[in-house]
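First comes the structure, then the notes that go with it.
The values are calculated or read from the model by the stated rules, or taken from the named source; none is laboratory data. Here the structure is a predicted model, which is why all the values come from computation and not from measurement. Note that each Cβ is placed from the backbone with ideal geometry, even for glycine, and that neighbours are counted across all protein chains shown. For accessibility, only protein heavy atoms count, side chains too; no ligands or nucleic acids. Shrake-Rupley method; radii C 1.70, N 1.55, O 1.52, S 1.80 Å.
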Amino acid sequence: MLITLLIVSMAAISFGCAKSEETTEGNNTGNEQTNASNQEETIKEPVTIEFWHTYSDTEEVIFNEQVLPLFEEKYPNIKVTSTRMPYEGLKQQVIAGVAGDAAPDLMRMDIIWVPEFAKLGALMSLDDMDGFGDVSGQLFPGPLATNYYNGKYYGLPLNTNTKVAIYNKELLAEAGLTEAPKTFDQLIEASKALKAKGKFGIGIGGTGPWGSLPYFWSLGGKITDENFTKASGYLNSPESIAALEKIVELNNEGLIAPTLLGGEPGTWDGVKEQYLMIDDGPWFYSILGDEALEITTPALMPEGDGGSVSVVGGEDLVMFNTTKHPEEAWTFMKFLMTEEPQKIMAQTGLIPTNQQAAGSTEVLSVPFIKPYIEQLKTAQPRTPHPNWVKIEESLDLAFGKAVRGEMGAKEALDQAAKEIDEFLK
């Protein structure tokens, strides 16, 4: 396999400066003695770094025409080559690029890929970089955690997203509510009121982690310990078993829409008329536009025993170990985490990871964005690990078996915890 052949080494870097000083003395009878000295300043040649990304058409225009000129004005000796990459087949292309010493200096990477490339030795850890603590301290902790692997951080969150609860306004009124439920108990009562009218209260988008984790976490469930090293004792803890049992119970009572097991109508169609609540990202509003704003209202995930918790999405910014310009690449990374460029990119609908930028008037003026910003304060990453795909499959199977009644919640989670422990090794 190509991965097993991947060998990455840190390029040796030397910085030199040319500095010369010439002093000329002359004595002329009757004239004042003069000393002249000329000192050449250090001359640093401009450095070019390459940045790969998968921005959309609009995002790329804003980035190239507003963000890059701002950076190059501030750092004239650093030039950035911005290259848009097709997403299809990109992971294999990056692997091949690293193996062949043809990777860029930096890349905007899917958050799920970061631990995998870190394990391969392809990424530079950032913990010891100058100012890392100051930079990381300004970012939302959930998105930052997507870069954590084996005790170190291998990237910074460039832009982020999460999911919030989205309620049908008319069905809220039908359930006797004047505002979105703040707790799971309130949501359950509203769902029961609507069941008598042939409507569903909760539209969960599947048993897979992206669909189910906001509910599982909010109800008190966990996947692993805080350092993502062990599932046993966490995924199959009494709290996690109770959380899954509650989801199974609500489904059996007919309060959860058929979307949980892949039924129709889907969440977007269902929330228009039949589902009180679904959950989704900001793209729900950016794609559907005024129609969505007219019939729905976004709110935080209802609070359960685990609080109000959702799942983190987005892209991270990473530096490859093969870069020959780590100092300049790090300068660019730090710049992109600051408030101004983050607010500029927010024009395109990308949610800033810089907390000050996210809380700015410019960003919060977007009609639907405020709940997403608030939800990011408690949103959690999907387990940042090279074996996430296998972990994801194990969770999906366990949750699905429990919901379909093929296994009890405890039996399903015991089995999944044992499997995931192996994947985490």
Q. If Leu70 passes every condition in (1) free of Cβ contacts under 8 Å to residues at least 24 places away in the same chain; (2) open to solvent by 30 Å² or more (accessible area, probe 1.4 Å) but one, which one does it miss?
A. (1)
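Yes/no matrix, rows are residues, columns are (1) among the charged types (D, E, K, R); (2) within 28 Å of Glu291 (Cβ to Cβ); (3) buried (at least 21 other Cβ atoms within 10 Å of the Cβ):
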position: Gln355; (1), (2), (3): no, no, no
position: Thr361; (1), (2), (3): no, yes, no
position: Pro367; (1), (2), (3): no, yes, no
position: Glu392; (1), (2), (3): yes, no, no
position: Val403; (1), (2), (3): no, no, yes
Q | Of all residues making up region 224-240, the number that are open to solvent by 20 Å² or more (accessible area, probe 1.4 Å) and either assigned by the TED database to the domain that holds Tyr148 or outside any loop (DSSP other than H, G, I, E, B) (or both) | A | 2
Q. Which one of Val318, Val309 is modelled with pLDDT of 95 or more, part of a strand (DSSP E or B) and in contact with a Leu (Cβ under 9 Å, 6 or more places away or on another chain)?
A. Val318
Q) Any chance region 94-103 includes a residue that's over 19 Å from Glu50 (Cα atoms) and under 20 Å from the mean Cα position of the chain (by Cα)? A) no
Q) Looking at this structure, is Ile287 free of Cβ contacts under 8 Å to residues at least 12 places away in the same chain, hydrophobic (A, V, I, L, M, F, W, C) and part of a helix (DSSP H, G or I)? A) yes
Q.
I'd like the full set of residues that are basic (Lys, Arg) and either in a strand (DSSP E or B) or not assigned by the TED database to the domain that holds His53 (or both), limited to region 105-140.
A. Arg108
Q: Please enumerate the residues belonging to region 164-183 that are open to solvent by 10 Å² or more (accessible area, probe 1.4 Å) and under 25 Å from Pro141 (Cα atoms).
A: Lys182, Thr183
Q. Name the pairs: first residue in region 195-223 and in the same structural domain as Ala409 (by the TED database) and modelled with pLDDT under 95, second residue surrounded by 19 or more Cβ atoms within 10 Å (Cβ to Cβ) and of a type in the set (Gly, Ala, Ser), Cβ to Cβ under 6 Å, at least 6 apart or on different chains?
A. none
Q) List, please: which pairs have Cβ atoms under 8 Å, are six or more places apart or on different chains, and start with a residue in region 324-341 that is assigned by the TED database to the domain that holds Asn64 and within 17 Å of Trp52 (Cα to Cα) and end with one that is buried (at least 19 other Cβ atoms within 10 Å of the Cβ) and charged (D, E, K, R)? A) Lys324/Asp105; His325/Asp105; Glu328/Asp105; Ala329/Asp105
(Q) Every residue in region 58-104 that is closer than 25 Å to Phe117 by Cβ and either part of a loop (DSSP other than H, G, I, E, B) or not assigned by the TED database to the domain that holds Thr348 (or both), please. (A) Met85, Pro86, Tyr87, Glu88, Gly89, Gly100, Asp101, Ala102, Ala103, Pro104
